Amino acid sequence: MIGANIGVPQLAVRGTGGSGLDPDAFRMTVRTTGAAETFTIPCQNLGTFNAAVDWGDGSTSTITAYNDADLAHEYAVAGDYRISITGTFPNIYFFNTGTSKNKVISVDNLGAVGWETFDYAFWGCSNMTSFTAGTCDTTGIDSLRNLVRDNANLVDFDGRGMDTSAVTNMSRALLGLGVMNTCKISEWNVEAVTAWNFTVQDTTIPTADYDAALIAWAAQDVVDSQSVHFGSSTYTSGGAAEAARTSLINDDLWIITDGGAA
């Protein structure tokens, strides 16, 4: 069972996607709650599309454009469905609009589908409970702006495996998530980031994960004089995390907003 939500019964996930657990596939799980519900994968007019979508119910589609009619699919029976996408699929763009955003309950694997941007990708997917980058190729990504913004039910975020070395913009990437169980971002390379606006505002990262991020990022050659918001996250005092935070402030001239010492 995946991604239970309050008031919604858990349902068995239907299908693995025809691509099975292909490590290169982008996979996400969606939940429908009634008969003949349509789920639409929104995209923006950026990049070239040449992808196969397995909808998890035995149906498949070929996508060749950002506004391809086959990006919409009707599920006959209510349930949880794992969608699998292979080929070239450069972006996804929920942008906090439409009703399909409310049907996403997890991102299970970003895969290697030629991602070009994650701007506004999963913004407003308020029923998403987990995000797992998994096996992925994100070398083409230069922005995580509003990546999972305002997803109040998202309690587990695992960004390990993402190549963020080209990312310059993390504005509001993890904004408005509330109190999280896990937030694995310490492996991110943030050396190129110049736009940190409210990255983790209104979000509380577990102390252990915040400690790990501070320690890792202080060891990187980060851009000086950045204003970085870590919400209400607290760090462990008197050890490596506090020393790393102090280094970012004194040596890299960062202005850090957080919840202070745990």
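The values are calculated or read from the model by the stated rules, or taken from the named source; none is laboratory data. Fair warning: this is a prediction, and the values are worked out from it, not measured in the lab. No Cβ is skipped: glycine too gets one built from the backbone with ideal geometry, and neighbour counts run over all protein chains shown. Side chains are part of the model used for accessible areas, which takes the heavy atoms of the whole protein and leaves out ligands, DNA and RNA. Shrake-Rupley method; radii C 1.70, N 1.55, O 1.52, S 1.80 Å.
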I need the full set of residues from segment 75-94 which are among the polar types (S, T, N, Q), open to solvent by less than 10 Å² (accessible area, probe 1.4 Å) and farther than 16 Å from Glu116 by Cβ, in order please. Ser84
Pairs, please: C-beta under 8 Å, at least 6 apart or cross-chain, first residue free of Cβ contacts under 8 Å to residues at least 60 places away in the same chain and in segment 166-184, second surrounded by fewer than 15 Cβ atoms within 10 Å (Cβ to Cβ)? Ala166/Thr139; Ala166/Gly140; Thr168/Thr194; Asn169/Thr194; Gly176/Ala152; Leu177/Ala152; Gly178/Ala152; Lys184/Arg160
Look at Ala65 and say whether it is open to solvent by 50 Å² or more (accessible area, probe 1.4 Å) and out of contact with any Leu (no Cβ under 6 Å at 6 or more places or on another chain). no
Somewhere in segment 183-193, is a residue open to solvent by 30 Å² or more (accessible area, probe 1.4 Å) and more than 21 Å from the chain's Cα centre (by Cα)? no
Which one is least open to solvent (accessible area, probe 1.4 Å) among residues in segment 230-241 that are over 19 Å from Glu187 (Cβ atoms) and touching a strand residue (DSSP E or B) at 6+ places or on another chain (Cβ under 6 Å)? Gly231
Please count how many residues of segment 209-229 are touching a strand residue (DSSP E or B) at 6+ places or on another chain (Cβ under 9 Å), assigned to a helix (DSSP H, G or I) and either among the hydroxyl-bearing types (Ser, Thr, Tyr) or open to solvent by 30 Å² or more (accessible area, probe 1.4 Å) (or both). 2
